[in-house]
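The values are calculated or read from the model by the stated rules, or taken from the named source; none is laboratory data. This structure is a prediction, so every number in the text was calculated from the model and none was measured. Please note: Cβ atoms are built from the backbone with ideal geometry, for glycine as well, and neighbour counts cover all protein chains shown.
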Amino acid sequence: MTEKTKYSVWMDHVPELGIRSITKMLFLYEDPQSIYELDENEFEYLIENAVISRRQVKNFLTFREKVTPKDLIERIEGKGVTCVSKYDDEYPQMLHKIQIPPVNLYVMGSLPCEFKPSVGIVGARLCSDYGRLVARRYGEHMALEGIQVISGLAMGVDGIAQKATIEAGGTSYGILGCGVDYCYPPENQKLYEMIIENGGIISEYPPGVPPRSGLFPLRNRIISGLSDALLVVEAREKSGTLITVDRALEQGKEVFAIPGKVIDRLSSGCNRLISQGATIALSPNEVTEKIWELYRVRELASGGDIKNRANTKEVGSVEVGNVEVGSVEVGSVEAGNVEVGNVECDVEHKARTIDSTLEEKNITMLHNASPLENAIYGVLDINPKTPEEIKQTLEAGGNDIEITLLYQMLMKLKLKGVVTAVGVRYARKF
């Protein structure tokens, strides 16, 4: 654990401080120890710029007088909880790439192994017999194929798939919308204990935070963020499950959906997803093969670093090519060009370059599409191409793109109905 983690975890425990204010302060100061050491006068700047309120400052200073980072960490670890922050090598690299990565993670058990594929399995809490059967079958198959299962420990599809995975000898990880010292729902206490022994219970909320309805939607971005793909077993058209689907699509993840009867309300959400471009899940074998392909793409994007780390440690960080960052807004603080390590990101310049390339080549452009989507669409035709072939053509035309971003763009075009997938190849939809 780094020193930064100790101070970051301490900030998590300041009463009423909240993730939003912590994120704003870390955006300004970067180092949590620097924030911890601020004096009362220095907080005035943060108050004037609506980063933190006077009440929060009072709580911060009072808590600092009573509790030290060292004492707090000892207390948390005494409960069998491990603290991991974005400053640690153990922090999942996949989460670094999502929108609003959690600053801290609290873990009972272990984190998912980055050198193994993983799938998020989600669905209805009040599922049908069909949903139970499918969730169990896919959970078992994931275990047999060496694929980790990520879910929310909820009643219904989530818990059934996770239990089946573990009973088949696999590993599963439960992402909670409360502290990891709470089993929620309490009916899943036995499964909660099984997951700790055969995977891990994970939360961005500190131990002691009770379950609240407003906390659960936020954890969905972590479920999809830790997964190479998302499988939806049963869902109504306006179900909470679809929040996780939205997060997965934002992150460029492949979404699979189990088809169901057109008159069955529990399958209406899945059927709608399929009609909009989600991949239909017809058999566990097809889905697991695709997940392994997606994992190999992730490994390729890391320059083989995942495989190298597998020989030295169970969980670590992965170097991933170039990172593109747009305009980042945090409260009243806005950043345009952002420098991440040695990578300078200027999205506007890249967009202008792509626009001019399209005009020079007189390529048909899509309406309501980004310049990058148009560039990708421009190299596609009726003959299916692999992502690697598309990438090479784009780069030959002066448009560099990382393979992970390309997959994200292809999924968006697929959902717009202008691109079709033929196996692992993509073509224009005429």
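For segment 385-430, enumerate the residues that are of a type outside the set (D, E, K, R), over 27 Å from R272 (Cβ atoms) and part of a loop (DSSP other than H, G, I, E, B).
Passing the criteria: T386, G397, G398, N399, I401.
Condition check ((1) over 23 Å from E16 (Cα atoms); (2) outside any loop (DSSP other than H, G, I, E, B); (3) not charged (D, E, K, R)) across all residues:
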{"position": "Y173", "(1), (2), (3)": "yes, yes, yes"}
{"position": "G179", "(1), (2), (3)": "no, no, yes"}
{"position": "Y182", "(1), (2), (3)": "no, no, yes"}
{"position": "M194", "(1), (2), (3)": "yes, yes, yes"}
{"position": "P207", "(1), (2), (3)": "no, no, yes"}
{"position": "P210", "(1), (2), (3)": "no, no, yes"}
{"position": "N220", "(1), (2), (3)": "no, yes, yes"}
{"position": "L230", "(1), (2), (3)": "yes, yes, yes"}
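For N41, all conditions in the list (1) under 31 Å from the mean Cα position of the chain (by Cα); (2) part of a loop (DSSP other than H, G, I, E, B); (3) polar (S, T, N, Q) hold save one; what is the number of the exception?
Of (1) under 31 Å from the mean Cα position of the chain (by Cα); (2) part of a loop (DSSP other than H, G, I, E, B); (3) polar (S, T, N, Q), only one is false for N41: (1).
So, K238, is that one closer than 23 Å to L176 by Cα and either surrounded by fewer than 23 Cβ atoms within 10 Å (Cβ to Cβ) or outside the structural domain of V149 (by TED's automatic domain parsing) (or both) or not?
Against the criterion (closer than 23 Å to L176 by Cα and either surrounded by fewer than 23 Cβ atoms within 10 Å (Cβ to Cβ) or outside the structural domain of V149 (by TED's automatic domain parsing) (or both)), K238 qualifies.
I35 passes all but one of (1) part of a loop (DSSP other than H, G, I, E, B); (2) over 26 Å from G200 (Cβ atoms); (3) in contact with a helix residue (DSSP H, G or I) (Cβ under 9 Å, 6 or more places away or on another chain); which number fails?
Every listed condition holds for I35 apart from (1).
Looking at this structure, is V103 surrounded by 19 or more Cβ atoms within 10 Å (Cβ to Cβ), among the β-branched types (V, I, T) and modelled with pLDDT of 95 or more?
For V103, the condition - surrounded by 19 or more Cβ atoms within 10 Å (Cβ to Cβ), among the β-branched types (V, I, T) and modelled with pLDDT of 95 or more - is not met.
For the list (1) surrounded by fewer than 19 Cβ atoms within 10 Å (Cβ to Cβ); (2) under 16 Å from the mean Cα position of the chain (by Cα), I need the number of the one condition that R137 fails.
It fails just one condition, (2).
Would you confirm, using the coordinates I've provided, whether I22 is assigned to a helix (DSSP H, G or I), in contact (Cβ under 8 Å) with a residue 60 or more places away in the chain, more than 24 Å from A154 (Cα to Cα) and not assigned by TED's automatic domain parsing to the domain that holds S151?
yes
When you go through N374, N383 one by one, which is the residue that is over 15 Å from G417 (Cα atoms) and either in the same structural domain as T404 (by TED's automatic domain parsing) or at pLDDT below 90 (or both)?
One residue alone meets the criteria, N383.
Going through segment 234-277 one residue at a time, which ones are among the charged types (D, E, K, R), out of contact with any helix residue (DSSP H, G or I) (no Cβ under 7 Å at 6 or more places or on another chain), more than 21 Å from V297 (Cβ to Cβ) and at pLDDT 90 or above?
D246, D264, R265, R272
Any chance you could count how many residues in segment 247-303 are in a loop (DSSP other than H, G, I, E, B) and either over 17 Å from G120 (Cβ atoms) or hydroxyl-bearing (S, T, Y) (or both)?
Total meeting the criteria: 12.
What is the residue count in segment 171-191 for residues that are in contact with a Leu (Cβ under 8 Å, 6 or more places away or on another chain) and in contact (Cβ under 8 Å) with a residue 40 or more places away in the chain?
Final tally of qualifying residues: 4.
Only one of E197, E237, E289 is among the acidic types (D, E) and over 20 Å from E140 (Cβ atoms); which?
The match here is E237.
Please determine whether any residue of segment 12-30 is aromatic (F, W, Y) and within 22 Å of C178 (Cα to Cα).
no
What is the one condition in (1) closer than 29 Å to E402 by Cβ; (2) over 20 Å from the mean Cα position of the chain (by Cα) that I100 does not satisfy?
Against the list (1) closer than 29 Å to E402 by Cβ; (2) over 20 Å from the mean Cα position of the chain (by Cα), I100 comes up short only on (2).
Is there any pair linking a residue in segment 391-419 that is over 29 Å from N271 (Cα atoms) and not assigned by TED's automatic domain parsing to the domain that holds N271 to one that is small (G, A, S) and at pLDDT 85 or above, with Cβ under 6 Å and at least six apart or on different chains, and which?
Hits for this filter: N399/A375.
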